[in-house]
Structures are given as C-alpha cells and as structure tokens.
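Read the structure below first, then the notes.
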Amino acid sequence: MKDKIKFDYNSDEKSIIIKSITLLRNELLSQERDVAVIDDILLKFSDGNRVELDIYEYKIVIGALNDLRTSIKEQQQSPIEV
C-alpha cells in the first residue's frame, strides 16, 4: 500500500500551489514531455481545501513550490508567500 499524505490548505495557499504546478506543467509542455501526472495533481487541488497525495505526487508539488520560490528570489522579490 502506498503512503498517502493528507493536508488542508486555505485559498491563498491553494492559489500559490496551483500557480507553481501550472508553471511546472508549462515547462514540461515546452519540452514536449508528458503532463498526465501534473494534470491529475491539478484536478486534486481544484476542489475543496483538503487533498490526499501519494509520495510521488507530494514530491512533485514540493519541487514545483521550490522552483517558484527560486524564481521569485531571482527576480529579487520576497518569496515569503511561498
């Protein structure tokens, strides 16, 4: 059985998560890579304020958030929201 990670988030956090995942999706599309897993993750975040992810999906979300944070820092803006 796969480990599942469950967490709650508010609307501001949801917005940031969806933005980071969408940026990752666009990057993968530009490389002509498969985005099916990313689409599945986006669907999970589209409803409600609670999500259950497996470890693989969780790592994708964390990586996408880290990429967004790095991008914001490179633009010399405050990444505090991420």
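The values are calculated or read from the model by the stated rules, or taken from the named source; none is laboratory data. Here the structure is a predicted model, which means the values were calculated and not measured. Note that each Cβ is placed from the backbone with ideal geometry, even for glycine, and that neighbours are counted across all protein chains shown. Note: areas computed on protein heavy atoms with side chains; ligands, DNA, RNA excluded. Shrake-Rupley method; radii C 1.70, N 1.55, O 1.52, S 1.80 Å.
Quick one: would you say Lys73 is exposed (fewer than 13 other Cβ atoms within 10 Å of the Cβ), of a type in the set (Lys, Arg) and either more than 17 Å from Phe7 (Cα to Cα) or touching a Leu at 6+ places or on another chain (Cβ under 6 Å) (or both)? Talk me through it step by step, then tell me what you get.
Numbers: exposed (fewer than 13 other Cβ atoms within 10 Å of the Cβ): yes; of a type in the set (Lys, Arg): yes; either more than 17 Å from Phe7 (Cα to Cα) or touching a Leu at 6+ places or on another chain (Cβ under 6 Å) (or both): yes.
Taking the combined requirement at face value, the residue satisfies it.
Selection of the range 30-42 for residues being more than 11 Å from the chain's Cα centre (by Cα), in a helix (DSSP H, G or I) and of a type in the set (A, V, I, L, M) yields Ala36, Val37.
Where residues in the range 34-47 are touching an Asp or Glu at 6+ places or on another chain (Cβ under 9 Å) and more than 15 Å from Ile16 (Cα to Cα), which of them is least open to solvent (accessible area, probe 1.4 Å)? My answer is Val37. A residue that is open to solvent by 40 Å² or more (accessible area, probe 1.4 Å), touching a Lys or Arg at 6+ places or on another chain (Cβ under 7 Å) and in a loop (DSSP other than H, G, I, E, B) occurs nowhere in the range 51-66.
Please enumerate the residues belonging to the range 1-14 that are part of a helix (DSSP H, G or I) and open to solvent by 70 Å² or more (accessible area, probe 1.4 Å). Ser11, Asp12, Glu13, listed by residue number. As a summary of the residue check, Arg69 satisfies the conditions (1) in a helix (DSSP H, G or I); (2) of a type outside the set (Asp, Glu); (3) more than 12 Å from the chain's Cα centre (by Cα) except for the one numbered (3).
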